[in-house]
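The values are calculated or read from the model by the stated rules, or taken from the named source; none is laboratory data. None of these values were measured; they are calculated from a predicted model. All Cβ positions, even for glycine, are placed from backbone atoms using ideal geometry, and neighbour counts span all protein chains on display. Heads up: the accessible areas ignore ligands, DNA and RNA and are worked out on the full protein's heavy atoms, side chains in. Shrake-Rupley method; radii C 1.70, N 1.55, O 1.52, S 1.80 Å.
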Amino acid sequence: LSNEIGRSGTDVVFRARTGVLGDIIDSSPTWVGAPSLPYSGTWKDTLYPAAMMLENSTPYATFASSNATRTNVVYAGANDGFVHAFRSGAEDSLGNVINNSSTPNDGAEVLAYMPASVLNTIHNSNSSLDFSNPQYAHAFFVDATPGTGDLYYNSSWHTWLVGGLG
């Protein structure tokens, strides 16, 4: 913040901001907590009943159980070019919110990810779209609502998050 217009400093080169988080216009928040997909039993291929389903080598129930109390996170895309992630506690096996020093429910940012395609365009030859230019108007960067789910790849279950750009 020390290099922004209106702030003290010798290298004041950036536009002034009113906060560190960019505007969130088109992206709705997406909450990710414990795995909760209704996968149970054994995976079967209806077309090829004799096929060995790799998903059965690590049952989804095992994945869900081992991640049942992981930290809950709320994700949102913002027009500062980042997908932001904010922690929101965890839940115990009965669904009660845990709010302690190891899984606080304080809304602190735990991740900010800028896609490479945004990084490549954030300095634009059009000064009104150059993110650091004092004359910056507005550009829609990472403003799609993130989607999430659980899937099986690389020999284990994972929770994924996918978003979109302006």
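Things worth noting here:
- Here the Karplus curve 6.51 cos²θ - 1.76 cosθ + 1.60, taken at θ = phi - 60°, turns the phi angles of segment 62-78 into couplings of 5, 4, 4, 5, 6, 10, 4, 10, 5, 4, 6, 9, 10, 10, 8, x, 10 Hz, with x standing for Gly and Pro.
- Prolate/oblate/rounded label for segment 24-107 (Cα gyration tensor, a/c 1.5): oblate
- Formal net charge of residues neighbouring residue 35 (Cβ-Cβ distance under 12 Å; K, R +1; D, E -1): -1
- Note that the chain presents 62 Å² accessible area per residue, ligands and nucleic acids not counted, probe 1.4 Å.
- On the beta carbon distance between residue 125 and residue 154, with R0 = 35 Å, the FRET formula returns roughly 0.30.
- For segment 99-166, the square roots of the Cα gyration tensor eigenvalues, ordered a ≥ b ≥ c, give a/c of at least 1.5 with a/b no greater than b/c, which places it in the oblate category.
- The 3J(HN,Hα) values that the Karplus relation (6.51, -1.76, 1.60; θ = phi - 60°) gives for segment 146-159 are, in residue order, x, x, 8, x, 10, 8, 10, 7, 6, 6, 7, 7, 9, 9 Hz. Gly and Pro appear as x.
- The apolar share of the surface of the chain, taken as the fraction of accessible area on carbon and sulfur atoms (1.4 Å probe, ligands and nucleic acids excluded), comes to 56 percent.
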